[in-house]
Amino acid sequence: MKLLCPLCGNVLEKADRSLRCENRHSFDIARQGYVNLLPVQNKRSLHPGDTKEQVQSRRAFLEGGFYQPICDALCSMAQGLSGPLLDVGCGEGYYSSRLAKCMGEELVGLDISKEAVRFAAGRYKDARWLCASAARLPVEDGSVGLLTSLFALTLPEEFLRVLRPDGAFIQVLAAPDHLLGLKNIIYPSLTEKSKDTVPELPGFTLEKSEAVRFSFTVEGEQVQNLLSMTPHVYRISKEGAAALAATRRLTDTASCVLNLYRPKK
């Protein structure tokens, strides 16, 4: 899988401790091993994506094994598929590093958060980690065998561009009943909202869909870690934060849907 320059679109080649294109645009390979391919002009904020604290919380929670059933289901759905693998919105690399190992395939992980890919590169050395935008993936057309987006954005047109005609896309979406225990603590009331967890995607055909639902229990710091790794951390009120801070043990339900799509013939 060849990487492209985010400034001119030409192929990037490794030169010493950097990636360079024929137009002499150069991007340093950080000490941890990741590359920042997110030019300043493509940023919508100074520090886009998850913060260092959020990434640390997610790593602590995921490595506690609470979401292992999701990882197992992902590896099972990917059986028989081929790489190379591109994970869009990879976070700190927990899911995609394990998936790549199960498949025995090359992995490129991409996230808009520099902190996330820094953590990923520091822990998982057998992959390439990029800070980049999903809106314009810095990857050659038709070069990806399996693309994944796990609890992250889905951009059908751009995903189709980089996938091989025989490639596949695995999407993981949170179901409406995901983390109801947490929500009932931090919000005074819940509004039931309909959510399409098996969406029709332009240019794709749905091949398989699987629901994953299981209970887990967190205690102590892991209660706060659970909140910090969700979008609810941005929405919580002072009252909700106080209620969660007083919660030392929480039993909740994880509920999500895994969808496997193929490019339409």
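The values are calculated or read from the model by the stated rules, or taken from the named source; none is laboratory data. Quick caveat: nothing in here was measured; it's all calculated off a predicted structure. Note that each Cβ is placed from the backbone with ideal geometry, even for glycine, and that neighbours are counted across all protein chains shown. When the accessible area is computed, the model is the full protein with side chains, heavy atoms only, and any ligands, DNA or RNA have been set aside. Shrake-Rupley method; radii C 1.70, N 1.55, O 1.52, S 1.80 Å.
Out of the trypsin sites (Lys or Arg not before Pro) in region 205-238, which ones are loop residues according to DSSP with at most 14 other C-beta atoms within 10 Å? For trypsin sites (Lys or Arg not before Pro) across region 205-238 that sit outside H, G, I, E and B with at most 14 neighbouring Cβ atoms in 10 Å, the list reads Arg235. Straight-line cross-link partners of Lys183 among the aspartates and glutamates, defined as a Cα under 16 Å from its Cα and at least 8 positions apart when in the same chain: Glu192, Glu239, Asp252.
Sites listed here are trypsin sites (Lys or Arg not before Pro) in region 33-139 whose DSSP assignment is loop and whose Cβ has at most 15 other Cβ atoms within 10 Å: Lys43, Arg44, Lys125. For Arg248, neighbours were defined as the other residues whose beta-carbon sits under 11 Å from its Cβ, and their charges (Lys and Arg +1, Asp and Glu -1) total -1. Ligands, DNA and RNA are left out, and with a 1.4 angstrom probe the accessible area of region 1-99 is 50 Å² per residue. Cross-link pairs exceeding 24 Å between alpha carbons, from the set Lys101/Lys208; Lys52/Lys125; Lys14/Lys265: Lys14/Lys265. Just checking my list (1) 193; (2) 143; (3) 128 against volume of the Cα convex hull per residue in Å³ computed from this structure; which label fits? Recomputing volume of the Cα convex hull per residue in Å³ here picks out (3).
Antiparallel beta bridges, as assigned by DSSP with both residues in the chain, represent about 60 percent of the total such bridges. For region 161-259, the dipole from Cβ point charges (+1 on Lys and Arg, -1 on Asp and Glu) about the Cα centre works out to 220 debye, to the nearest 20.
With all protein chains in place and a 1.4 Å probe, the accessible surface of the chain carries 49 percent carbon and sulfur.
Sorting Thr148, Thr191, Thr253, Thr205 by accessible area puts them as Thr191, Thr205, Thr253, Thr148; the probe is 1.4 Å, largest comes first, and only protein heavy atoms count.
Using a 1.4 angstrom probe on the protein heavy atoms only, could you order Ser133, Ser113 from most to least accessible area? Let's see the in-between values first.
On the way: Ser133 30, Ser113 0 Å².
Of Ser133, Ser113, the descending order of accessible area is Ser133, Ser113.
Using DSSP to call loops (not H, G, I, E or B), can you name the GluC sites (Glu not before Pro) in region 124-226 whose Cβ has at most 14 other Cβ atoms within 10 angstrom?
Values: sites: Glu140, Glu157, Glu158, Glu192, Glu200, Glu207, Glu210, Glu219, Glu221; in loops: Glu140, Glu192, Glu200.
Passing sites in region 124-226 are Glu192, Glu200.
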